[in-house]
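Structure, as structure tokens:
Derivation of every value follows stated rules applied to the coordinates shown; laboratory data play no part. Source: prediction; values computed, not measured. Glycine also receives a Cβ, built like all others from the backbone with ideal geometry; neighbour counts cover every protein chain displayed.
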Amino acid sequence: MEMKNNNLENQNDDMCEIYDSHEEVVGRVKERIPDEAEFTELSEFFKIFGNPTRLKIISLLSVEDLCVCDICEALELNQTTVSNQLRILRANNIVKYQKEGKMARYSLTDLHIEMIYKVGLEHILE
């Protein structure tokens, strides 16, 4: 990801030269933003995506449903590591699993998770 070089000579260019808020606009946007509890919940949700191993698992499951063994092989990680991350993802409703005999096959809970992952990836690849 490329970081933009800040020009220190123009460091206040990103601020209003006078402080004069627009009450009508402020009122409109304040009516539409989530409440504090929703922001807290959303913040916790996004923290789940803050771990590279969990993101790799989400990446794999965005392609195809997989059993734990296949995830381990694809990521070259041991089952304990993968299981711990899957447990966190499952507890946060990111993935679900279905038993198939002695196998546990994992999938993303819904299309929203795949979309969040893919949009995030697309953003950093711009």
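For the range 86-100, take each phi angle, set θ = phi - 60°, evaluate the Karplus expression 6.51 cos²θ - 1.76 cosθ + 1.60, and give the result in whole Hz per residue in order, putting x for glycine and proline.
The phi angles translate into 5, 4, 5, 4, 5, 5, 9, 6, 8, 10, 9, 9, 9, 6, 10 Hz.
Under 16 Å between alpha carbons, and skipping anything fewer than 8 positions from K56 in its own chain: which aspartates and glutamates qualify?
Output for K56: E64, D65, D70, E73, E76, E114, E122.
Rounded to whole Hz and in sequence order, give me ³J(HN,Hα) for the range 19-25 from the Karplus expression 6.51 cos²θ - 1.76 cosθ + 1.60, θ = phi - 60°, writing x for Gly and Pro.
These are the phi-based 3J(HN,Hα) values: 9, 8, 6, 10, 4, 5, 5 Hz.
Between R105 and E38, what FRET efficiency follows from the Cβ-Cβ distance if R0 is 30 Å, with the result rounded to 0.05?
0.40
To check my understanding: the extent here is largest minus smallest coordinate of the Cα atoms along each principal axis. What are those three numbers for the range 43-95, in Å, largest first?
31, 22, 17
Are there GluC sites (Glu not before Pro) in the range 28-89 that DSSP puts in a loop and that have at most 16 other Cβ atoms within 10 Å, and which ones?
Those that pass, being in a loop and sparsely packed, are E64, E76.
Using θ = phi - 60° and the Karplus form 6.51 cos²θ - 1.76 cosθ + 1.60, what ³J(HN,Hα) does each residue of the range 42-55 get, whole Hz, x for Gly and Pro?
Running phi through 6.51 cos²θ - 1.76 cosθ + 1.60 with θ = phi - 60° gives 5, 4, 4, 4, 5, 4, 4, 7, x, 10, x, 5, 5, 5 Hz.
Could you point to the label whose value was computed as Rg/Rh (Cα atoms, Kirkwood Rh) for the structure here, given (1) 1.28; (2) 0.93; (3) 1.15?
Among (1) 1.28; (2) 0.93; (3) 1.15, the one calculated here is (3).
Note down the net charge around I48, summing +1 for each Lys or Arg and -1 for each Asp or Glu among other residues with Cβ under 15 Å from its Cβ.
Here the count lands on +2.
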